Amino acid sequence: MSYLAQSFLSVFRSLAMVEKTVEKCCISLSSSNSHLVVQLHCKYGVKKTHNLSFQDCESLQAVFNPALCPHLLRAPARVLAEAVLSFPPALTEVTLGIGHGRRVILRSYQEEEADSTNKAMVTETSIGEEDFQQLHAPEGIAVTFCLKEFRGLLSFAESANLPLTVHFDVPGRPVIFTIEDSLLDSHFVLATLLEQDPCSQDLCSPNPCQPVPQKQAHSIPHLDDFTNDDIDCYMIAMETTVGSEGSRAQPSTSLPPVSQPSHDLVPPSEEEEEEAEPSTVPGTPPPKKFRSLFFGSILAPVHSPQGPSPVLAEDSDGEG
Amino acid sequence: MKFRAKIVDLACLNHFTRVSNMIAKLAKTCTLRISPEKLNFILSDKLASGGVSMWCELEQENIFSEFQMEGVSAENNAIYLELTSENLSRALKTAQNARALKIKLTNKHFPCLTVSVELQLSSSSSSRIVTHDIPIKVIPRRLWKDLQEPSVPDSDVSIYLPALKTMKSVVEKMKNISNHLVIEANLNGELNLKIETELVCVTTHFKDLGNPLLSSESASQSRHPEDMAEVHIDIKKLLQFLAGQQVTPTKAVCNIVSNRIVHFDLLLEDISLQYFIPALS
């Protein structure tokens, strides 16, 4: 069953009003006229009934399993939400990865344009390992995904004050964001860009300003010694180096960026639910936008105070 | 060529951010000139800007706690960079409560001005570092002659400006009626903004503005105080200038050369801004 999210949201538009006046809310399916009926029982006997029309649709199951992802990181949503604030609102994609010193790096992703005169600004935030509750990922791994979706799920996690777990794998494999608490268990699956050339010719120049994470904050100015900064002098011809990080004099704290995006994803046929499982379709023009949301509720219907009602949300799939 | 500078004082950082926001509103692309004592934001009067030119100057030691630069050569100890102004103001916007901000010239894949911000966040025990790589174009020495400080013309009338916010709201409404406007002033402290179309003429009068003291060689010495010096200018250019002024300037003077050019000379605390709008031909 699918319905317009906007319509459903408009029922609960004013959260303050809902908290003050609504005593209970009944959601039911009216089979007679294909309506989703949301009834708000308010104070003083006021009853507000909303009939939302819906249409039957094919239910697509996203096939994914966070347990299969080798890499994981977990942090309070606020840590990541604050980090994405530095990015321009219009930015579409962001790269998340682990840099030198086990710092988690978020960097704005720009498609390489043929017209190199109009380069865009690159913004990068690095977060120390100590801000993460869990970090199981090797240095150098990086995945690129849609920032807009990421911002959306981050604001949800932040408002619920819950930590966010990020399960990821190699570029090209989906990244799975999970938010859990006693009431709900949500999984957001985003596609990631496939890295064309693993030995990317665009190795970042070192940024020695990145401090080595230490427990005390006051040690950072000491490490970040201004006079020791090694600035690449422009007049000296700068070779865009090909090769491993070992050729670099200074350790790289940034990620090797994806040199060229390419996708091996099925082009989306519908706007909403789609298969998360990517399959190689050679020759498919890159659809660029591919996202899938899968939301599951773990509330057992038997405990509902309203009595037995039809289950409207499917149980979460797979690992649960 | 090398450049690195650091700001640690929050007030200096906010000041620099405000200047950068203003520049972003005045010019989409501008030239940043770095010299041992100063930083300049320059817009030269090319066709692209429609003949408008801008010269903004700040003393580096008033902003930066550390400042090191090495120009192209010893005799030409300056660096001229072209950048998109909005990039700098966006980068500085993320530094609102920063502990420190560093700017340096780097070459990561392409020449950039790297702005590195050290933030102290409530959600984190350690500092957070945000870096922005602003792509720049180094301007070769042969083009430097077009980017020098414009000479201040001998003006016919020099007058102090009224509140810029008032001027802006007036000009904003006038823009809907006409594409060009006449700005005129006299040595009696009177300034008028006039628009004229087939159907309507609208004039806004500002009085008692005061005129700066004339220098002895000034051409306007023999001028009758009531005589108006006027310039026809493109209203959008005036509006763009006014829209860029977010703070009340310490000093604001308007110099008019009849039928040639209007020159706005502003002082924002310690930063000077000069903006030239030529007459419509």
Problem set entry | Sole residue being touching a residue at least 24 places away in the same chain (Cβ under 8 Å), of a type in the set (F, W, Y) and not in a helix (DSSP H, G or I), chosen from B:F3, B:F16 | B:F3
For this session: Mind listing whichever residues of region B:71-88 are touching a helix residue (DSSP H, G or I) at 6+ places or on another chain (Cβ under 7 Å) and away from chain A (no Cβ under 11 Å)?
Result: B:N76, B:Y80, B:S85
For this session: Please state which one of B:L81, B:L101, B:L113, B:L121 is assigned by the TED database to the domain that holds B:V19, buried (at least 24 other Cβ atoms within 10 Å of the Cβ) and of a type outside the set (S, T, Y).
Result: B:L101
Problem set entry | Qualifying position, being free of Cβ contacts under 8 Å to residues at least 40 places away in the same chain and under 13 Å from the mean Cα position of the chain (by Cα), among A:L106, A:L96 | A:L106
For this session: Starting from residues that are at the interface with chain A (Cβ under 7 Å from one of its Cβ atoms) and not in a strand (DSSP E or B), keep the ones in region B:93-112 and report whichever is farthest from B:D9 (Cα to Cα).
Result: B:H109
Exercise. Any residue at all in region A:180-188 that is within 14 Å of chain B (Cβ to nearest Cβ) and among the hydroxyl-bearing types (S, T, Y)?
Worked result: no
Problem set entry | Boolean, B:L280 is more than 15 Å from B:V157 (Cβ to Cβ) and without any contact (Cβ under 8 Å) to a residue 40 or more places away in the chain | no
For this session: Could you pull out the residue among A:L80, A:L40, A:L91, A:L96 that is crowded, with 17+ Cβ neighbours inside 10 Å, in contact with a helix residue (DSSP H, G or I) (Cβ under 9 Å, 6 or more places away or on another chain) and farther than 30 Å from A:P171 by Cα?
Result: A:L40
Exercise. Do we find that A:L73 is closer than 15 Å to A:E129 by Cα, away from every other protein chain (no Cβ under 14 Å) and within 30 Å of the chain's Cα centre (by Cα) in this structure?
Worked result: yes
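Just checking, how many residues over region B:150-183 are aromatic (F, W, Y) and closer than 21 Å to B:G51 by Cβ?
Count: 0.
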Exercise. Which members of region A:17-35 meet the condition of being of a type outside the set (S, T, N, Q) and under 17 Å from A:V46 (Cα atoms)?
Worked result: A:M17, A:V18, A:E19, A:K20, A:V22, A:E23, A:K24, A:C25, A:C26, A:I27
Seminar exercise, completed: Given the conditions (1) more than 10 Å from chain B (Cβ to nearest Cβ); (2) within 21 Å of B:R128 (Cβ to Cβ); (3) of a type in the set (S, T, N, Q), every one holds for A:S108 apart from (1)
Exercise. Across region B:155-183, which residue is farthest from B:A252 (Cα to Cα) among those that are basic (K, R) and within 22 Å of the chain's Cα centre (by Cα)?
Worked result: B:K175
For this session: Being touching a Leu at 6+ places or on another chain (Cβ under 7 Å) and surrounded by fewer than 18 Cβ atoms within 10 Å (Cβ to Cβ) is the filter here, so list the residues in region B:50-78 that pass it.
Result: B:Q60
For this session: Considering only region B:113-165, state which residues are within 14 Å of chain A (Cβ to nearest Cβ), aliphatic (A, V, I, L, M) and either in a loop (DSSP other than H, G, I, E, B) or farther than 16 Å from A:L80 by Cα (or both).
Result: B:L113, B:V115, B:V117, B:L121, B:I134, B:I136, B:V138, B:I139
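Among the strands (runs of 3 or more DSSP E) lying completely within region B:24-64, list those that include at least 3 residues that are in contact (Cβ under 8 Å) with a residue 12 or more places away in the chain and more than 20 Å from B:A5 (Cα to Cα).
Because the criterion is at least 3 residues that are in contact (Cβ under 8 Å) with a residue 12 or more places away in the chain and more than 20 Å from B:A5 (Cα to Cα), the strands (runs of 3 or more DSSP E) in region B:24-64 that meet it are B:53-59.
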Problem set entry | Complete set of residues in region B:75-92 that are within 25 Å of the chain's Cα centre (by Cα) and either of a type in the set (V, I, T) or outside any helix (DSSP H, G or I) (or both) | B:N76, B:N77, B:A78, B:I79, B:Y80, B:L81, B:E82, B:L83, B:T84
Exercise. Which condition does B:S44 not pass, out of (1) at pLDDT 90 or above; (2) in contact with a helix residue (DSSP H, G or I) (Cβ under 6 Å, 6 or more places away or on another chain); (3) surrounded by fewer than 22 Cβ atoms within 10 Å (Cβ to Cβ); (4) within 16 Å of B:L83 (Cα to Cα), if it passes all the others?
Worked result: (1)
Seminar exercise, completed: Note on region A:1-16: residues surrounded by 10 or more Cβ atoms within 10 Å (Cβ to Cβ) and either within 16 Å of A:T49 (Cβ to Cβ) or in contact with a Leu (Cβ under 7 Å, 6 or more places away or on another chain) (or both) are A:Y3, A:S7, A:F8, A:S10, A:V11, A:F12
Exercise. Which of the strands (runs of 3 or more DSSP E) contained wholly in region A:26-104 include at least 1 residues that are at pLDDT below 90 and touching a Phe, Trp or Tyr at 6+ places or on another chain (Cβ under 9 Å)?
Worked result: A:35-42, A:47-53
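Taking the options A:F132, A:F156, A:F150, name whichever one is of a type in the set (F, W, Y) and more than 14 Å from the chain's Cα centre (by Cα).
Numbers: A:F156 fails: more than 14 Å from the chain's Cα centre (by Cα); A:F150 fails: more than 14 Å from the chain's Cα centre (by Cα).
Answer to the check: A:F132.
The values are calculated or read from the model by the stated rules, or taken from the named source; none is laboratory data. Keep in mind the model is a prediction, meaning the values are calculated, not measured. Here Cβ is always computed from backbone atoms with ideal geometry, including for glycine, and neighbour counts include all displayed protein chains.
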